[in-house]
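Visitor: Sharing a structure, written as structure tokens. Questions coming.
The values are calculated or read from the model by the stated rules, or taken from the named source; none is laboratory data. Keep in mind it's a predicted model, so treat the numbers as computed, not measured. Cβ atoms come from the backbone with ideal geometry, glycine included; neighbour counts cover every protein chain shown. Accessible surface areas use protein heavy atoms only, side chains included; no ligands, DNA or RNA. Shrake-Rupley method; radii C 1.70, N 1.55, O 1.52, S 1.80 Å.
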Amino acid sequence: MLIVPAETFPEVAARWTVTRLGQAVRRHGVAHLALSGGSTPRSVLRLLATPTWLTAAPWSQVHVWWVDERCVPPDHHESNYGMAYSLLLRHLPVQHIHRLHGEAPDPEAAARAYEDELRRVFGLGPRGRPRFDLILLGMGADGHTASLFPGTAALAEQKRLVVVGQAPHPPHRRLTLTLPVLNRASWVLFLVAGAEKGPALAQVWRPAPDRPPLPAALVRPPRGNVIWLVDEAAARAANLR
Ligand code: 6PG
């Protein structure tokens, strides 16, 4: 766990992101990045769009994917794509943007279409799983990550790559990558900020034996790395500082 002051959180997250993307492109000629939504990534996306950072990563060789998407149109204020596009992507020479179609009238069909796109772009067979170079994840105060909420079928899904998840708060229906995909990643960077995340963070790091593990605690890629970037407020509230 990397605990940093709130004021340096965006820069540390941006540095990790561009470093991993640069490494992946140097190694494979391409990098696959999956973005989460929510509010925590906003400051990081905004920083990456500033002149100093705009050329810090080989963006034209980066494929940008989404970890999850609310079932809303891309121009809706709740759209994860809409947030990433308006804060960062519209400023970048990105040529490979793979949007989850949250606006689709049939979310299940949109989930299967994304699975097809993942298999096509990653060159996978019918049972293959994509290995992202970097996945940026957040964690809700309830310990959810992506749109994998405690006690939901989406969290328990072990075969599909993308499913329709159910959030307890609106927009309720969400398209989400599943745990098997998250656990295939080379790198996962959790971005956790704010005192309200303290109790969930404490449960992830010091799990009470009589409680099921929180969704975020289940992201442990056996052949990958997980970095928890946590601000001081969240760490203090979790008694980890
Ligand atoms: C979403 C995100 C979600 C988010 C957490 C944390 O679509 O909302 O993918 O998993 O990462 O809810 O959100 P905050 O960063 O806003 O606390």
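Visitor: Which ones in region 32-52 are in a helix (DSSP H, G or I), away from the ligand (no atom under 15 Å from the Cβ) and either open to solvent by 20 Å² or more (accessible area, probe 1.4 Å) or among the hydroxyl-bearing types (Ser, Thr, Tyr) (or both)?
Guide: LEU47, PRO51, THR52
Visitor: Return a yes/no flag: does region 185-192 have any residue that is under 26 Å from VAL62 (Cα atoms), within 18 Å of the chain's Cα centre (by Cα), away from the ligand (no atom under 16 Å from the Cβ) and not small (Gly, Ala, Ser).
Guide: Yes.
Visitor: In addition: Just one of ARG99, ARG90 is open to solvent by 40 Å² or more (accessible area, probe 1.4 Å), of a type outside the set (A, V, I, L, M, F, W, C) and not in a loop (DSSP other than H, G, I, E, B); which is it?
Guide: Answer to the check: ARG90.
Visitor: Hey, another quick one. Looking at (1) in a loop (DSSP other than H, G, I, E, B); (2) at pLDDT 95 or above, find the lone condition where ARG174 falls short.
Guide: (1)
Visitor: For region 64-77, check the following and say yes or no: at least one residue is of a type in the set (Val, Ile, Thr), more than 16 Å from the ligand (Cβ to nearest atom) and either modelled with pLDDT under 95 or more than 14 Å from ILE135 (Cβ to Cβ) (or both). So that I can check it myself, show each step before the final result.
Guide: Filtering region 64-77 for residues of a type in the set (Val, Ile, Thr) gives 64, 67, 72.
With the extra rule that they be more than 16 Å from the ligand (Cβ to nearest atom), the set shrinks to none.
No: zero hits.
Visitor: Need the failing condition index for HIS169 against (1) surrounded by fewer than 17 Cβ atoms within 10 Å (Cβ to Cβ); (2) away from the ligand (no atom under 12 Å from the Cβ), just the number.
Guide: Here HIS169 clears every test but (2).
Visitor: Can SER147 be described as within 15 Å of the ligand (Cβ to nearest atom) and within 13 Å of the chain's Cα centre (by Cα)?
Guide: Numbers: within 15 Å of the ligand (Cβ to nearest atom): yes; within 13 Å of the chain's Cα centre (by Cα): yes.
Yes; evaluated as a whole, the condition is true for this residue.
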